[in-house]
Amino acid sequence: MLEEKLKIDKISKGTVIDHIDAGYALTILSLTGIDESKNLMTIGVNVSSKKYQTKDIIKIENVFLNETQMQQISILSPNATISLIENYKVIEKKKVELPKTIKKLILCINETCISNSEKEPISTEFMVLEGKPLKIQCLYCERIYKLEEIVFTSKEKTEKKIIQRIQL
Ligand SMILES: [Zn+2]
């Protein structure tokens, strides 16, 4: 415990995402868009943990997560915990909650799925069949996906990146 504290500094105000499945911290940063933040971040990858053998941890100053970001984290790491920090103290700690249905955050890669219809595309919706390991099913075409098969929608970010490229 002490060793872990020494490795990762405390933050005065912000969010600590702990108990992330080992190896998922960088994916979470990118998916949630936290990686584009200019705030101080500390990322621990493969940190030794009592509960799980190893885990990842993200500490970020002055950033509080929204519902979408917490859902994205719950999909990648259903055991993750979110702590809100004020004055170096945890003022709230909660476990992420994997919703029963996931709306809009994931793409269905089945080309014939109605969610990909060119004329009238509709927002995707997936039913969570199992949490860990994750198994979800498209409500429209009934295709089943495992975590490693999931394609996330991160439209906003892609657009932003394209604009940046054009400006260069
Ligand atoms: Zn589908």
The chain: angle of helix 67-76 to the longest principal axis, Cα-based, in degrees nearest 10: 90
Helical mean residue ellipticity (222 nm; -39500 (n - 2.57) per DSSP H run of 4+; nearest 500) of the chain: -6500 deg cm²/dmol
Share of carbon and sulfur in the accessible heavy-atom surface of segment 38-108 [1.4 Å probe, %]: 49
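How high is the relative contact order of the chain? Use alpha-carbon pairs under 8 Å, at least six apart in sequence, and give a whole percent.
Numbers: 290 pairs, mean separation 32.3, N = 168.
Answer for the chain is 19 percent.
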Pairwise FRET efficiency - SER123 versus SER30, Cβ, R0 = 25 Å, nearest 0.05: 0.70
Spacing of the two label points (7 Å from each Cα toward its C-beta) at THR112 and ARG143, in nm: 1.1
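Sort 88-99, 111-122 by packing, meaning the average of other beta carbons within 10 Å per residue, with the highest value first. It would help to have the intermediate numbers written out before the result.
Details: 88-99: 12.9, 111-122: 11.4.
In decreasing order of mean packing, 88-99, 111-122 become 88-99, 111-122.
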Solvent-accessible area per residue, Å², over segment 23-130 with all protein chains present [probe radius 1.4 Å]: 59
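The values are calculated or read from the model by the stated rules, or taken from the named source; none is laboratory data. Keep in mind that what you see is a predicted model, and the values were worked out from it rather than measured. Here the Cβ is made from the backbone with ideal geometry for all residues, glycine too, and neighbour counts use every protein chain on show. These accessible areas exclude ligands, DNA and RNA; they are computed on the full protein's heavy atoms, side chains included. Shrake-Rupley method; radii C 1.70, N 1.55, O 1.52, S 1.80 Å.
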